[in-house]
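Taking it in order: structure first as structure tokens, then the write-up.
The values are calculated or read from the model by the stated rules, or taken from the named source; none is laboratory data. Quick caveat: nothing in here was measured; it's all calculated off a predicted structure. Neighbour counts are summed over all protein chains in view; Cβ atoms, including those assigned to glycine, are modelled from backbone coordinates with ideal geometry.
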């Protein structure tokens with residue numbers, strides 16, 4: 001454990017020293033991954049389905065605000081859909097417009113989640129999102145997560161129904177339109193996932209704010225359990241055909257990943273908890289202070305051997 | 001000689017200015033009524049556009065049936081029900097916006113009060129030099 005804590009100290013020092021390069025690099029990585037995934041899933045427009053284009057856009061995203069990644073990802077999706085089917089572009093474009101007009105107008109700070117959620121779905125670790133957002137976000141993050149889920153399932157719908165939509169003729173525009181809207185709105189799996197993630201996120205948030213020892217660990221475990229339960233109940237009620245084994249394994253992997261997050265964000269020593277009580281003119285204060293676990297970095301000793309006469313050590 | 005306390009205070013102030021400070025200063029330059037009123041107005045415009053988009057999708061969804069029924073239906077009644085739905089949507093969204101922006105305004109003012117207090121403290125440090 002001490003080795004890990006020392007490594008954490010080194011990483012913190014490294015991040016604070018090179019933050020100016022690391023933050024844009026992380027933005028670049030997120031934008032690059034998201035755009036590559038969009039291209040691999042949709043990829044109908046050859047003009048944007050090229051590595052140099054993705055690299056240029058990801059580079060632009062690296063020095064722009066995080067919201068720019070969301071806009072670029074939405075633009076890439078719409079361009080691909082436009083090359084595939086105009087009806088899909090209109091329906092999905094309308095959904096994006098509603099999200100931007102009604103929710104992102106409030107400029108929440110966690111818009112990156114809208115991109116991260118579909119990315120985690122593709123990487124088969126979606127359950128990491130509600131648990132980690134419950135730990136580091138607020139209950140309103142559930143709306144951002146829900147937007148991310150909707151985006152993923154819309155792309156998934158188009159991806160799965162390519163042959164059906166391609167098979168329809170130009171005269172069947174109205175029918176095509178109806179099929180796309182029905183396909184997106186009547187997706188029970190999407191509704192169950194939104195419900196499960198929202199319940200998990202809010203539960204994790206409530207538990208981690210409780211004044212109990214190991215609140216974060218309990219919140220993570222309870223969140224994971226509730227997540228699996230809601231998805232299974234949803235499967236029984238709406239017959240969503242969710243893989244039970246996949247859900248359980250995905251949740252366990254997500255728990256491990258959020259454990260890493262907890263180590264970096266909230267690693268405290270409950271054995272040294274102090275409870276103090278005092279008062280002023282207006283209030284009584286019951287303060288519980290939990291110390292962070294920290295270790296001092298070992299100082300490097302450089303021994304210089306410069307001949308037999310001048311043997312000395314320098315720090 | 002460097003005054004350590006002053007440097008710490010200046011760093012804190014600069015960091016605030018670079019993050020939340022910029023937004024809060026912009027909010028603080030409005031009167032409460034003006035800020036909330038302007039934001040709610042923008043929300044109403046956004047909600048109106050969103051309503052038009054949803055209404056258009058609703059019409060297109062069953063376009064053929066709608067075109068067949070348009071001659072049979074009571075257009076006045078249909079218009080009334082659309083307007084009623086629009087009013088409900090707009091009022092709900094405007095209320096949510098009001099709550100959000102009223103909270104943001106009071107939070108920004110509180111944070112700015114602390115910022116200006118620290119600025120005065122910094123200025124005092126220079127005059128006491």
Just one of A:130, A:139 is more than 12 Å from the chain's Cα centre (by Cα) and in contact (Cβ under 8 Å) with a residue 40 or more places away in the chain; which is it? A:139
Applying the selection to the range A:230-241, what residues are at pLDDT 80 or above and surrounded by 14 or more Cβ atoms within 10 Å (Cβ to Cβ)? A:230, A:231, A:232, A:234, A:235
Anything in the range A:116-127 that is in a helix (DSSP H, G or I), out of contact with any helix residue (DSSP H, G or I) (no Cβ under 6 Å at 6 or more places or on another chain) and free of Cβ contacts under 8 Å to residues at least 60 places away in the same chain? List them, or say none. none
Candidate set: the range B:22-48, residues that are at pLDDT 90 or above and in contact with a helix residue (DSSP H, G or I) (Cβ under 6 Å, 6 or more places away or on another chain); chosen: the one nearest to the other protein chains (Cβ to nearest Cβ): B:46
Among all residue pairs at least 6 apart or on different chains, which show Cβ distances below 6 Å where the first residue, located in the range A:92-112, is at the interface with chain B (Cβ under 10 Å from one of its Cβ atoms) and farther than 12 Å from residue A:151 by Cα and the second is assigned to a loop (DSSP other than H, G, I, E, B) and at pLDDT 80 or above? none
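Let's see how each residue does on (1) in a helix (DSSP H, G or I); (2) closer than 17 Å to residue A:130 by Cβ; (3) over 22 Å from the mean Cα position of the chain (by Cα):
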site	(1), (2), (3)
A:212	no, no, yes
A:218	yes, yes, no
A:223	yes, yes, no
A:226	yes, yes, no
A:230	yes, yes, no
A:233	yes, yes, yes
A:249	yes, yes, no
A:258	yes, yes, no
For residues in the range B:49-80 being more than 9 Å from chain A (Cβ to nearest Cβ) and within 16 Å of residue A:181 (Cβ to Cβ), which is nearest to the chain's Cα centre (by Cα)? B:55
Of everything in the range B:4-44, what is loosely packed, with under 13 Cβ neighbours inside 10 Å and outside any helix (DSSP H, G or I)? Give them in sequence order. B:29, B:31
By residue number, the members of the range B:81-129 that are over 28 Å from residue B:12 (Cβ atoms) and within 14 Å of chain A (Cβ to nearest Cβ) are B:89, B:90, B:92, B:93, B:94, B:95, B:96, B:97, B:98, B:99
